[in-house]
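**Q** Before anything else, here's the structure in question.
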Amino acid sequence: MPTDSCLESSMKHAKKFKEYFEDIRPVTDEELEELLNDSPSKNERNKKLKKAKKELYREH
């Protein structure tokens, strides 16, 4: 029956969801401050590269 495979798929998804959220833990004040003080340069560089690739593919 198709409903069995749908239910089975939902159960697998729920299990993955539960496992994902079990790994999450609260961030300490020190970790939060460190994250806030990190420079976003690497992230900005990645955004610029992605934008350049999009422009290149649009041209061709």
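**Q** With the crude spin-label approximation of a point 7 Å out along Cα→Cβ, what separation in nm comes out for Asp29 versus Asp4?
**A** 5.7
**Q** Hey, if you put +1 on the Cβ of every Lys and Arg and -1 on every Asp and Glu Cβ in the chain, which of Leu35, Leu49, Tyr20 ends up farthest toward the positive end of that dipole?
**A** Of the listed residues, the answer is Leu49.
**Q** Using a ≥ b ≥ c from the Cα gyration tensor of the chain (square roots of the eigenvalues), is it rounded, prolate or oblate, where a/c under 1.5 gives rounded and otherwise the larger of a/b and b/c decides, a/b for prolate? Before the final figure, lay out the partial values.
**A** Working: a/c = 8.66, a/b = 1.30, b/c = 6.68.
It is oblate, given that a/c is not under 1.5 and a/b is not larger than b/c.
**Q** So what's the back-of-envelope 222 nm ellipticity for the chain, counting only DSSP H runs of four-plus at -39500 (n - 2.57) apiece and dividing by all residues, rounded to 500? Before the final figure, lay out the partial values.
**A** Numbers: 3 runs with 49 residues, N = 60.
Rounded to the nearest 500, the figure is -27000 deg cm²/dmol.
**Q** With charges set only on the Cβ (+1 for Lys and Arg, -1 for Asp and Glu), what does the dipole of the chain come to about its Cα centre, in debye to the nearest 20?
**A** Charge dipole, the chain, about its Cα centre: 700 debye, nearest 20.
A short reminder: the numbers here are calculations on the coordinates, not readings from a lab. Bear in mind that the values here come from a model prediction, so they are computed numbers and not experimental data. Positions of Cβ are backbone-derived with ideal geometry, glycine not excepted, and every protein chain shown enters the neighbour counts.
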